[in-house]
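The values are calculated or read from the model by the stated rules, or taken from the named source; none is laboratory data. Everything numeric in this text was worked out from a predicted model, so none of it was measured. Neighbour counts are summed over all protein chains in view; Cβ atoms, including those assigned to glycine, are modelled from backbone coordinates with ideal geometry. Accessible surface areas use protein heavy atoms only, side chains included; no ligands, DNA or RNA. Shrake-Rupley method; radii C 1.70, N 1.55, O 1.52, S 1.80 Å.
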Amino acid sequence: MENSEWQIRAKQAGLSQETLRSLLKLSKSGVSQGIRGAWASGVPQSIKATIIAWELMTPEQRAEWVRLAEGLE
């Protein structure tokens, strides 16, 4: 399957699927299917919002977000 708009945006912003998984507390397959829009509802709003937020953040803000999210596990 070709890259979806959201896969492309995530890659361009430097956001890996592993980081998405960590931020959203989803399984690897959940992130993979979600970012490709494989679900009947398309790409979940939580994934879209996370990618948009990541695009808007500075590298320092991103690092802090990941640190805080990983502390919740």
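Observations on the model:
- Within segment 32-45, the set of residues being surrounded by 12 or more Cβ atoms within 10 Å (Cβ to Cβ) and closer than 23 Å to THR58 by Cα comprises ILE35 only.
- In segment 28-73, of all residues being over 14 Å from SER16 (Cα atoms) and of a type in the set (Val, Ile, Thr), the one that is modelled with the highest pLDDT corresponds to THR58.
- Unmet requirement for LYS48, which otherwise passes all of (1) under 14 Å from the mean Cα position of the chain (by Cα); (2) open to solvent by 60 Å² or more (accessible area, probe 1.4 Å); (3) charged (D, E, K, R): (2)
- Output for segment 25-73, where each listed residue is of a type in the set (Ser, Thr, Tyr) and over 19 Å from LYS11 (Cα atoms): SER41
- Scanning segment 2-13 for residues that are open to solvent by less than 60 Å² (accessible area, probe 1.4 Å) and either among the charged types (D, E, K, R) or modelled with pLDDT of 90 or more (or both) returns TRP6, GLN7, ALA10, ALA13.
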